[in-house]
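A.B. asks: Below is a structure I'd like to ask you about.
The values are calculated or read from the model by the stated rules, or taken from the named source; none is laboratory data. Since we're looking at a predicted model, the values are computed, not measured. Note that we place each Cβ from the backbone using ideal geometry, even for glycine, and neighbour counts take in every protein chain shown. Ligands, DNA and RNA are excluded from the accessible area calculation, which covers all protein heavy atoms including side chains. Shrake-Rupley method; radii C 1.70, N 1.55, O 1.52, S 1.80 Å.
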Amino acid sequence: MSRVVYDPAATSIIVDLVLESRDGIYSAVIPTVLDTGASYTIVATDVLTRLGYDPASPLLERQRIVTGSGIESAPSLTVRSASAIGQKVNGLDVLCHDLPAESAVDGLLGLNFLKQFKLTIRFRRGIIELVRERN
């Protein structure tokens, strides 16, 4: 079982997301908000560019997303791997979208990552557990 601790008094649950570069040589650790209301994991465009991905490619499929300012279209690409809360997903689809600077995070950890595991959040204690379930 993988477990992380967070501040239960915080207004958001921030977890580190490790993304592997396109060539698999290096990775980046970025702060993300754990968001069970987000269907997809979202990563800032500049982070993906630094990792060797091309979020500006006109060949990428686009996904409609609802933001605080309305409906937008975000490019979708597949990252080599993504790890969070001690668990790893290979070939994760992420949306390329920049969150407001005031958010102080580089993305959202969404359901397309989380749904592959059993997620337990102990809100009063500030504990998140993520377990890979067997079918």
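A.B. asks: When the chain is modelled as a GNM with alpha-carbon springs shorter than 10 Å, which of Asp93, Asp23, Asp54 fluctuates the most?
C.D. replies: Top of the fluctuation ranking is Asp23.
A.B. asks: Taking only protein heavy atoms into account and a 1.4 Å probe, give the accessible area per residue of segment 11-135 in Å².
C.D. replies: 57 Å²
A.B. asks: Now for a separate question. Could you check how much of the accessible area of segment 53-135 is carbon and sulfur, as a whole percent, using a 1.4 Å probe?
C.D. replies: Here carbon and sulfur together make up 47 percent of the probe-accessible area.
A.B. asks: A follow-up question, please. Net charge within 10 Å of Ala44 by Cβ-Cβ distance, Lys/Arg positive one each and Asp/Glu negative one each, not counting Ala44 itself?
C.D. replies: Neighbourhood net charge equals -2.
A.B. asks: Hey, what number do you get for the chain at 222 nm if only DSSP H runs of n ≥ 4 count, each worth -39500 (n - 2.57), divided across all residues, to the nearest 500?
C.D. replies: Here the helix-only value at 222 nm equals -1500 deg cm²/dmol.
A.B. asks: Let me test this: with uniform point scatterers at the alpha carbons of the chain, what is the Debye-based log₁₀ I(q)/I(0) at q = 0.12, 0.13, 0.16 1/Å?
C.D. replies: Those come out to -0.46, -0.54, -0.81, one per q.
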